[in-house]
1. Which residue pairs have Cβ atoms closer than 6 Å, lie 6 or more positions apart in sequence or on different chains, and pair a first residue in the stretch C:284-298 that is free of Cβ contacts under 8 Å to residues at least 60 places away in the same chain with a second residue that is open to solvent by less than 20 Å² (accessible area, probe 1.4 Å)?
2. When you scan the stretch C:121-137, do you find a residue that is within 14 Å of another protein chain (Cβ to nearest Cβ), among the β-branched types (V, I, T) and open to solvent by less than 10 Å² (accessible area, probe 1.4 Å), even just one?
3. Taking the stretch B:33-57, which residues are more than 7 Å from chain C (Cβ to nearest Cβ) and of a type in the set (D, E, K, R)?
4. So which residues in the stretch B:70-84 are among the polar types (S, T, N, Q) and surrounded by fewer than 22 Cβ atoms within 10 Å (Cβ to Cβ), if there are any at all?
5. Tell me, yes or no, whether the stretch A:41-51 has at least one residue that is at pLDDT below 90 and either under 24 Å from C:T97 (Cβ atoms) or at the interface with chain C (Cβ under 9 Å from one of its Cβ atoms) (or both).
6. Give the residues of the stretch B:88-101 that are crowded, with 22+ Cβ neighbours inside 10 Å and out of contact with any Leu (no Cβ under 9 Å at 6 or more places or on another chain), sorted by residue number.
7. Among the listed residues C:V10, C:V61, identify the single one that is more than 24 Å from C:G135 (Cα to Cα) and open to solvent by 10 Å² or more (accessible area, probe 1.4 Å).
8. Condition test on C:T493, is it farther than 30 Å from C:D362 by Cβ and either acidic (D, E) or touching a residue at least 12 places away in the same chain (Cβ under 8 Å) (or both)?
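The values are calculated or read from the model by the stated rules, or taken from the named source; none is laboratory data. None of these values were measured; they are calculated from a predicted model. Every residue, glycine as well, gets a Cβ built from its backbone with ideal geometry; the counts of neighbours run over all protein chains shown. Note: accessible area is taken over every heavy atom of the protein model, side chains too, but ligands, DNA and RNA are not part of it. Shrake-Rupley method; radii C 1.70, N 1.55, O 1.52, S 1.80 Å.
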Amino acid sequence: MTDIQAKLKEIGPFVEGADDNLLVCRCEEVTKGQIRKAVHEGIFTLEEMRRYLRSGMGLCQGQTCGKMVKSIIASELKVSPSEVVPASSRAPMRPIEMCILAEDGGVSHE
Amino acid sequence: MERIENHPILGETPKRKKVTFSYDGKLLEGYEGEPIAAALKAAGVMAHRYTAKKHEPRGIFCAIGRCTDCVMIVDGKPNIRTCITPLEAGMVVQTQYGVSAKPDA
Amino acid sequence: MKIERYDMIVIGAGPAGLSAAIEAAKKGLKPIVFDENAKPGGQLFKQIHKFFGSKEHKAKVRGFKIGEELLDEAEKYGVEVILDATVVGLYPEKEVTVKVGGSVRHYKGDAVLVATGASENMVNFEGWTKPGVIGAGAAQTMMNLHHIKPGNRILMLGSGNVGLVVSYQLLQAGCEVVALADAAPRVGGYGVHAAKIARCGVPFYLSHTIVRVEGEDAVTGVVIGQVGADWKIIPGTEKHFDVDTVCLAVGLSPMSQLLKQAEVKMNDTKGGHVPEIDRYGATSVPGIYAAGDVSGIEEASSAMIEGRMSGASITCYLGYMTEEERDARIEELENQLETLRQGMFAPKNRGKLVEKTDEGIDVSMNLLNKGFVADDEIERFPGVTHQKGIHPVIECTQNIPCNPCQDACKMGCIRIGKNITSLPAIDEEKKCIGCGMCVASCSGQSIFLVEEDVEPGFGEVTMPYEFLPVPEVGDKGIALGRDGKEVCKAEVTKVRCAPVFDHTNLLTIKVPNDMVMKARFYKKEA
């Protein structure tokens, strides 16, 4: 388990970057700066990032940005991308309408 | 954008049935069964939607239904992936603003 | 809740999934294949180029034809393919949930093969979300499936095989490729693919990446710049291009989320998140298998073999084949796979600079840096000779797994030998009859027929030509060199378009005889 306080101390304070306005998650419109800042607020894993900023939680489910978010977290934490804890995979793996999901396992009852 | 009528490897493009559909109130022509996005591209439409937060234009990106950037409002239903939804005669296609058909919503 | 049971469930009807289902169905299994797309075949139907390899890998057959053959075979053996069927969940007990139409169906397989393929990687830069910035796969989908030009003026980012092949296909579709850029210092894909577009005049900008894309509601321009050692743009190196489309071909990643959900042991590698599999394609969860790009990115040819291997393994796992039979089949397929994994582009060489060919010849650095072999480099390769009369000149200068040219020449002029990654060599003892079969058989379009003296002062060059309109005899134009620059005036003297050439037309041009080793493309005079 990462010692968050120690790690935050090690990586130092958040410093604004020239490309912080660059969009990373196209679906939820999350920028590089937001992700970098979140790391300095103690968000170190992809799973946490998804919950915190909704990056990778839109219609494409992180298909496009997953790798980029990972590398931004890694570079902010000064570790290799393979050390960043990936997000878990769970159903539904693709966007699905709530009405379809609700009917799963038989017709729903009022 | 131009359609390819004759291709050095694929030969002549098969004849398909022309249909009319509406795009933001205008009547456009396309081929039945082709993706809505293809018909729009042939008509020169690039921006399919404007995003919810930053109101930025988006269009075709992956063209295989994964990135969901090309979604529009089709027959009143939002978030329809136009790159994989076949065109039908009389379809009503609208630019999507956020998840609505109106810019200010 | 209803659960339907099947022997074998395959997720993904691409080259790997279909091959696996066919292999198993041949032995009496009744596999069911789910695919989220409206058409089966995965990405094969967008591949309009001739494939590499040898006969057993269906070399020199175009990708979409291989797709058609697979579908025919699947039908013949009774493979059930369910389309528009999105698998939304896979569980360790081999339960699969599938969205079909407006409902979720539940299936349980005695064995499940995950063959979900890959998704495209993306890079972000200022303006990367603007309409007109598209994936290379999107370009292929638009032009090769839906018969629509992805753009008129296009910049391609990425010099791997996808970037190179798609650039060529864009030219074939009638688009202009204004430049090909890659942040890497060297061309990543096959040199022959690069040479094909370089001689059409597409400039290569290695060590360059996109600074920004311009435009309001659609792309109107792009700025690229040279990257320094720190991967940052070197100020002052920016170049602007007027384009309406920017195409991204920056690699693929396995779409392995379903495997992860099924609690399969995964490895995080440079090439993405991949399942740990054994030689049979089995994952750490009994009965769950993986094949094709989802288990590591390779070519479609490899995916088909991996699919067959998993198909055979599952057949044995379910008791339809003995272990001895399975092992014999696996060994046979492993050998096929191994031949594809040899040469300079073998998985073990990924990212490495290979400076010498297996034959000990210096690799063309110009090819790696600019996309074409320089005139003074070409002479050192064994496919390039000078002879009296007509003879083939083979500009295949890297060890890639491919050998159709050897069989194409009935006169025995071309030698590759048993090792299909060896460079083709010319046997000067054998007499070329100028049939052109080698030219059309070369998937890399790297073979030319050259005759130095057809009349005083003039010689002829025959080249592969896959563009429209096909020039006519008597047409006058210019000959372009390997670098795509004008070398001399040229006249079309022969055009051959036989069905056996499979759309690779043979175009013969007459040029001054000191130009026969330089002229490699023909352009009608503007």
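1. That search, which allows pairs on different chains as well, returns C:S284/C:V264; C:S295/C:V274; C:S295/C:P275; C:G296/C:V274.
2. Yes: the stretch C:121-137 contains one or more residues that are within 14 Å of another protein chain (Cβ to nearest Cβ), among the β-branched types (V, I, T) and open to solvent by less than 10 Å² (accessible area, probe 1.4 Å).
3. B:R49, B:K53, B:K54 - these are the residues of the stretch B:33-57 that are more than 7 Å from chain C (Cβ to nearest Cβ) and of a type in the set (D, E, K, R).
4. B:N79
5. no
6. Hit for the stretch B:88-101 is B:Q96, nothing else.
7. On inspection, the qualifying residue turns out to be C:V61.
8. yes
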